[in-house]
1. So which of 64, 100, 90 is crowded, with 19+ Cβ neighbours inside 10 Å, outside any helix (DSSP H, G or I) and out of contact with any His (no Cβ under 6 Å at 6 or more places or on another chain)?
2. Tell me the residue from 167, 181, 106, 171 that is in a helix (DSSP H, G or I), in contact with a His (Cβ under 9 Å, 6 or more places away or on another chain) and not assigned by TED's automatic domain parsing to the domain that holds residue 35, please.
3. Out of 33, 41, 70, 74, which single residue is among the basic types (Lys, Arg), at pLDDT 70 or above, over 19 Å from the mean Cα position of the chain (by Cα) and part of a helix (DSSP H, G or I)?
4. Here are some conditions: (1) assigned to a helix (DSSP H, G or I); (2) touching a residue at least 24 places away in the same chain (Cβ under 8 Å); (3) out of contact with any Asp or Glu (no Cβ under 9 Å at 6 or more places or on another chain). Residue 120 meets all but one. Which one does it not meet?
5. Between residues in the stretch 34-58 that are touching a residue at least 24 places away in the same chain (Cβ under 8 Å) and among the hydroxyl-bearing types (Ser, Thr, Tyr) and residues that are surrounded by fewer than 20 Cβ atoms within 10 Å (Cβ to Cβ) and assigned to a strand (DSSP E or B), which pairs lie under 9 Å by C-beta distance while being six or more apart or on different chains?
6. State the number of residues belonging to the stretch 179-204 that are in contact (Cβ under 8 Å) with a residue 40 or more places away in the chain and more than 14 Å from residue 149 (Cα to Cα).
7. From 176, 234, 208, 214, grab the single residue that is more than 15 Å from residue 109 (Cα to Cα), in contact (Cβ under 8 Å) with a residue 60 or more places away in the chain, in the same structural domain as residue 105 (by TED's automatic domain parsing) and buried (at least 19 other Cβ atoms within 10 Å of the Cβ).
8. Looking only at residues that are in a loop (DSSP other than H, G, I, E, B) and under 14 Å from the mean Cα position of the chain (by Cα) in the stretch 44-58, which one is surrounded by the fewest Cβ atoms within 10 Å (Cβ to Cβ)?
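The values are calculated or read from the model by the stated rules, or taken from the named source; none is laboratory data. Note that the structure is predicted; figures quoted are calculated from it, not measured. Because the Cβ atoms are built from the backbone with ideal geometry, glycine has one as well, and the counts that use them run over all protein chains shown.
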Amino acid sequence: MAGSLVAVVIEDSVVPGLEADRGLVTRKSTAERVAGVLRKRIAEGFFLPGGRLSEQDIGNALGVSRNTLREAFRLLTHERLLAHELNRGVFVRIPSVEDVVDIYRVRKIIECAAVRGLKAKPASFARIKEKVDIGDEAARTGNWKDLGTANVWFHQELAALSGSERVNELVGRLTAELRLVFHIMAEPRRFHERYLPRNHEILDRVEAGDGPGAEQLLMKYLDDAEEQLVGAYADRADAARAAIAAE
C-alpha cells in the first residue's frame, strides 16, 4: 500500500534532544503548539521517515500530558506527517510517489499565483534575497543540507508574497511533508545545487517587479524539480521501507 509504514523505534539518544524545546511549550500548552514543535523537528530530520514515536519519551521530554501529545499526533496525522497503525503505534510517514506529485501540484498553484501579481519590487525583497545568499554560502562551503534548507526558505518567501497567513500555514505543512521526501533521497547536493542559478534568475525577475516573468521561470523550475524527484523517488522509498523492515 502506498505510503505504508514499517516499525522502527527512535534511538534513545534522539528523544532527549527534545528537552531543548521544552521552553516552547508548557503543561497548559495547546496541542497546536506541541504539533508545531514536532512539525519543525520532523522537517529538520530529527524524526526520520518510518520512525516510531514514543508517547512516553516525547511527552516527558516536552513536559506535556499524554492527552495533549495524542491530540498533537492526531493533528500531524491529518497533515500526512504521521500515521497511526493499530496496535503498533504512531510513525513518521514515508510519503508515496503520489504524495510527491500532489505536493508539487499544490506548490505550483500557490507559488505561481503569489508572484504573478508583482508589478514592483516587493517590500520583502531583502528577506527573499537573504535566503538565496544563504544558499550560495552553503554551496560554497559544501554544506548541502543547509543548501536544501535555504532553498525551502526561498520558496516559502515567494509564497509569502501572497500576503495570506493561511497560505503561509499551508506552505509550512507542505514543506514539512516535502522534507520527508528529501530525507529519503539523502542526496541534497544532487537535488538542490543545480537550482541555485535558477533561484537567482527568479530573484532578478522579482526585483524587477516582473510578475509574469517570475511566474514563467518558477513554473518551469517546479516542473523540472517534480520530474527529477519523481523519477528517482519510488525506488528509494521502497528501499527505505525494506531496510527498516530488516532491522
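1. Sole residue among the options that is crowded, with 19+ Cβ neighbours inside 10 Å, outside any helix (DSSP H, G or I) and out of contact with any His (no Cβ under 6 Å at 6 or more places or on another chain): 64.
2. Checking each option against the conditions leaves just 171.
3. 70
4. In the conditions (1) assigned to a helix (DSSP H, G or I); (2) touching a residue at least 24 places away in the same chain (Cβ under 8 Å); (3) out of contact with any Asp or Glu (no Cβ under 9 Å at 6 or more places or on another chain), residue 120 misses (1) alone.
5. 54/9; 54/89
6. So the count comes out to 5.
7. 176
8. Restricting to residues being in a loop (DSSP other than H, G, I, E, B) and under 14 Å from the mean Cα position of the chain (by Cα), the top hit is 45.
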